[in-house]
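J.: Got a structure here, written out as structure tokens. Questions coming.
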Amino acid sequence: MRILIIEDDTALASFIRKGLEAEHYAVDTAPEGEQGRSMALEFDYDLLILDLNLPGIDGLAILKSLRQRKPSLPVMILTARSRVEDRVQCLDMGADDYLVKPFSFLDSRRVHGPCCGAATCLPSPFWRSAIFVLIAWNAASSAPAAALI
């Protein structure tokens, strides 16, 4: 499985990448919007983890572009935007999931193998690995374990 992470927080992107690579996933990262969009359109990925607040073009523009050219690519939004309106907008635009940084334990537990708009479902082991990495990142970011994982 090949995954693209478009995230301008290089420490977070690196942490997620290392965790997923430890689970034997091939992972590429892009720290800004235009580079990430180009990579997503040029190469075949099984999943895109996408931040919304990016330098250059933002995540919404990337999502819109991808839904026009690669509608079956699963996209998980990982962002600091916590407004319900942002979540609804992204899901309406075709995102497959939306996690807020930092996210709650219940949010992380609900992502356990969703069926996307694609013809096939993503395998549960991927989602467990991705969530494990994100949980570990939150713990390493000095968040109280009871509040955020």
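J.: Only one of these is closer than 19 Å to D8 by Cβ, in contact with a strand residue (DSSP E or B) (Cβ under 8 Å, 6 or more places away or on another chain), assigned to a helix (DSSP H, G or I) and not aromatic (F, W, Y): L91, L78, L52, L63. Name it.
T.: Of the residues listed, the single one that is closer than 19 Å to D8 by Cβ, in contact with a strand residue (DSSP E or B) (Cβ under 8 Å, 6 or more places away or on another chain), assigned to a helix (DSSP H, G or I) and not aromatic (F, W, Y) is L63.
J.: Going through region 15-34 one residue at a time, which ones are farther than 17 Å from I77 by Cα and either in a helix (DSSP H, G or I) or at pLDDT below 90 (or both)?
T.: Answer for region 15-34, where residues must be farther than 17 Å from I77 by Cα and either in a helix (DSSP H, G or I) or at pLDDT below 90 (or both): K18, G19, E21, A22, E23, H24, Y25.
J.: Would you call I6 crowded, with 19+ Cβ neighbours inside 10 Å and of a type in the set (A, V, I, L, M, F, W, C)?
T.: Working: crowded, with 19+ Cβ neighbours inside 10 Å: yes; of a type in the set (A, V, I, L, M, F, W, C): yes.
Taking the combined requirement at face value, the residue satisfies it.
J.: Which pairs do you get when a residue that is on the phi > 0 side of the Ramachandran plot, found in region 43-71, comes within reach of a residue that is among the small types (G, A, S), reach meaning Cβ atoms under 6 angstrom, with the pair 6+ apart or on two chains?
T.: As it stands, the answer is G56/G33, since those pairs meet every condition given.
The values are calculated or read from the model by the stated rules, or taken from the named source; none is laboratory data. Just so we're clear, the structure is a prediction, and the values are computed from it rather than from any experiment. Cβ coordinates were reconstructed from backbone atoms using ideal geometry, including for glycine residues, and neighbour counts include every protein chain displayed.
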